[in-house]
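S.K.: Would you mind keeping the following structure in view while I ask a few things?
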Amino acid sequence: MNQWGEWTESLPRMVLVADRFTLQQQDLDELSEMLARHPNPGPTDPSTLSECIVSWPAAELPERWIDYSSLDMLWVSVDELRSLKRKRPAVFAAILRWTAAGGNLCIYGAGDDWQRLREIESILELGDPPAEDDDPLRGWVAPDKSIFGKFLTGIGNEAAAYPVYEGAESPGTFVPTQPLTDADDRPTPTPVPTPPKQPPFLCRQFDLGVVAVFAPDQPFPGDADIWQWFFNSLGSKRWLWTQRHGLSATRPNADFWDFLIPGVGLAPVTAFRVLISLFVLVIGPLNYFLLRRWKRLHLLLVTIPGGALLVTGLLFAYAVVADGLGTRVRVRSFTHIDQPSGRAVCWTRLSYYAGLAPAGGLVFPSDTVVLPLEADFSMRGGERTVFWEDQQRLVSGWLPARTPTQLVTIRARQANAGLAIRPSADGTQLHVKNGLGTDLKQLLVCADDGHCYWAEAIAPGNESAAVEVALEKVVAPLRSAVMNAQPRVPAEIDPQAVRNSGFGSSWRYYYSGNTNLPDPAQRTGMLETSVAAVAKLAAGDLAPRTYVAIVGRSPEIELGLPKARVESEFHVIRGNW
């Protein structure tokens, strides 16, 4: 929160693992200025930033990965990371799971010549060390020097970069400062900063997250240009919680409406029109005509309210019969499985409709983060209750009766599911055994030599042959499967009317710290960006010993209610072996 008591979603939440870590006021000012130069800074007073950067002693770090789920970045030195692995292995495992689920683990003290890079790889168990003649930075990506000293056109839009100017009026509107002049009053060009010869940081993918290493032993407060370079290299879709998750807890989520269960929970518009038309004709002219003919006009006092009650009952009965009394659910998920380490991460979007609220509520494992995705938080009804035991029981306020409800869940754990893949004797095929515990509908495998193989319809536990195929020939069916399952606003709902409904407008004003941010959208979240990447596969996108599969249901899915009836579902798994 800032000095006005407003909650802001425009700054990253960072934790520094240190027993005693203090930032001087000038350090806060410098970091604040760095964030202010970003196209969507939000409140940048030091008090706000100081609440976004906190330190935790290593001895107090939690042992469950979900306790880190509100963070955007976790900073730790190489020595502290090694100490955590040795002295607090549960904490170390939790940090790795959080990173694998989409977090950003930042490690500093790698050395000016990256002499401790191999040590970091060993601590994180990133694979076998390379041979002496291999590239020492193998697997790591240096930042793009072309974006040094520049910022991007806006959060979530990383297509173009522009020089950094002071005095930006609003996101996407950048106003250069008044240039300096020499003695002849001729404008002096703004100097373009020169990037350092050796990058001060490197990044690499860690399942769905990122590990970044910094050379200096103490990167704080650092240089504003370096920080800007780092944040632009990561991209706001990664370092902003709202964008990484694709939802907001303080602003309307307009794409709530594109993932409703088809035909369930919506007003019976057609039935209502038919019944109300019949009601008007019967209760009006026909009723009056018959009673007048029978000389019983006094019965209008009975027939009119009775007819209204009958029509209302018919509408209610229709809604009960059409929607039922049970719980229906629509599911969409992306799962990443790292078979060598046994890590599995699953992002899921769940859309519920309960005819009657389940008495026991929803039940999820303790390794699962559960986030409400609300159409508009200002219309939230009542409080939510959670009981923590060996599992988390979401008792009240989570799944109200006859109300469309949506959740985003993230699960990270050790799992044994995967594919057993081996080449055929003649080397022309791959033998694939389905150990995922679910039907494999479509499977694309990239073998050790980089060649692609394709298989379809492999039942759980069965083995089948995958034939070699050109990537461009199988991208079309993958893209078609993804596009056919794309969330869409139902025809019964006018999306423009939803956007213009005014829900949350007063709250938008109060939460002024967020007004410079784009509206939250699932398309920027980890789930949708990962699924979209499958539809855009191109040469080089699949590394050797990796695979992409569209399956019947992910083995990592938890519905929260075993008896829920699944109306529609779509699941993608990406993994390596």
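S.K.: Give the residues of region 95-123 that are assigned to a helix (DSSP H, G or I) and within 13 Å of Met73 (Cα to Cα), sorted by residue number.
M.R.: The answer is Ile95, Leu96, Trp98, Thr99, Ala100.
S.K.: Just checking, how many residues over region 562-573 are more than 17 Å from the chain's Cα centre (by Cα) and either among the basic types (Lys, Arg) or crowded, with 20+ Cβ neighbours inside 10 Å (or both)?
M.R.: Total meeting the criteria: 3.
S.K.: Of all residues being loosely packed, with under 15 Cβ neighbours inside 10 Å and among the acidic types (Asp, Glu) in region 360-401, which is modelled with the highest pLDDT? Just the residue, please.
M.R.: Result: Asp390.
S.K.: I'd like the residue in region 516-553 that is closer than 21 Å to Thr348 by Cα and among the small types (Gly, Ala, Ser) and, out of all such residues, is surrounded by the most Cβ atoms within 10 Å (Cβ to Cβ). Steps first, answer last, please.
M.R.: First, the residues of region 516-553 that are closer than 21 Å to Thr348 by Cα: 519-536, 547-553.
Pick out the ones that are also among the small types (Gly, Ala, Ser) and you get 521, 525, 530, 532-533, 535, 549, 552.
Details: Ala521: 18, Gly525: 25, Ser530: 19, Ala532: 13, Ala533: 15, Ala535: 15, Ala549: 28, Gly552: 14.
Restricting to residues being closer than 21 Å to Thr348 by Cα and among the small types (Gly, Ala, Ser), the top hit is Ala549.
S.K.: Can you confirm whether region 326-333 contains a residue that is surrounded by 19 or more Cβ atoms within 10 Å (Cβ to Cβ), charged (D, E, K, R), modelled with pLDDT under 85 and closer than 24 Å to Val408 by Cβ?
M.R.: Within region 326-333 (the criterion being surrounded by 19 or more Cβ atoms within 10 Å (Cβ to Cβ), charged (D, E, K, R), modelled with pLDDT under 85 and closer than 24 Å to Val408 by Cβ), the answer is no, since none of the residues qualifies.
S.K.: Within region 332-368, can you find the residues that are within 28 Å of Ser122 (Cβ to Cβ), more than 13 Å from the chain's Cα centre (by Cα) and of a type outside the set (Gly, Ala, Ser)?
M.R.: Once the filter is applied, which keeps residues that are within 28 Å of Ser122 (Cβ to Cβ), more than 13 Å from the chain's Cα centre (by Cα) and of a type outside the set (Gly, Ala, Ser), region 332-368 yields His336, Ile337, Asp338, Gln339, Pro340, Arg343, Asp367.
S.K.: Collect the residues in region 89-99 that are closer than 11 Å to Val211 by Cβ and surrounded by fewer than 22 Cβ atoms within 10 Å (Cβ to Cβ), keeping them in residue-number order.
M.R.: The answer is none; no residue qualifies.
S.K.: Still on this model: Within region 258-278, which residues are surrounded by fewer than 17 Cβ atoms within 10 Å (Cβ to Cβ), modelled with pLDDT of 75 or more and part of a loop (DSSP other than H, G, I, E, B)?
M.R.: The answer is Pro262, and nothing else.
S.K.: Going through region 334-359 one residue at a time, which ones are more than 21 Å from Phe256 (Cβ to Cβ), surrounded by 24 or more Cβ atoms within 10 Å (Cβ to Cβ) and among the small types (Gly, Ala, Ser)?
M.R.: Ala344
S.K.: Restricting attention to region 53-71, which residues are surrounded by 20 or more Cβ atoms within 10 Å (Cβ to Cβ), touching a helix residue (DSSP H, G or I) at 6+ places or on another chain (Cβ under 6 Å) and either at pLDDT below 95 or assigned to a loop (DSSP other than H, G, I, E, B) (or both)?
M.R.: Of everything in region 53-71, just one residue is surrounded by 20 or more Cβ atoms within 10 Å (Cβ to Cβ), touching a helix residue (DSSP H, G or I) at 6+ places or on another chain (Cβ under 6 Å) and either at pLDDT below 95 or assigned to a loop (DSSP other than H, G, I, E, B) (or both), namely Leu61.
S.K.: Right, another one. Answer yes or no as to whether Thr303 is β-branched (Val, Ile, Thr), surrounded by 14 or more Cβ atoms within 10 Å (Cβ to Cβ) and either in contact (Cβ under 8 Å) with a residue 24 or more places away in the chain or touching a Phe, Trp or Tyr at 6+ places or on another chain (Cβ under 6 Å) (or both).
M.R.: No.
S.K.: Pairs under 9 Å by beta carbon, first residue closer than 20 Å to Cys446 by Cα in region 469-493, partner among the charged types (D, E, K, R), six or more apart or different chains?
M.R.: Note: pairs meeting the criteria are Leu471/Asp541; Val475/Lys536; Pro477/Glu456; Arg479/Lys536; Ala481/Lys441.
The values are calculated or read from the model by the stated rules, or taken from the named source; none is laboratory data. Every value quoted in this text rests on a predicted model; they were computed, and no experiment measured them. Ideal geometry is used to build each Cβ from the backbone, glycine not excepted, and the neighbour counts take in all protein chains shown.
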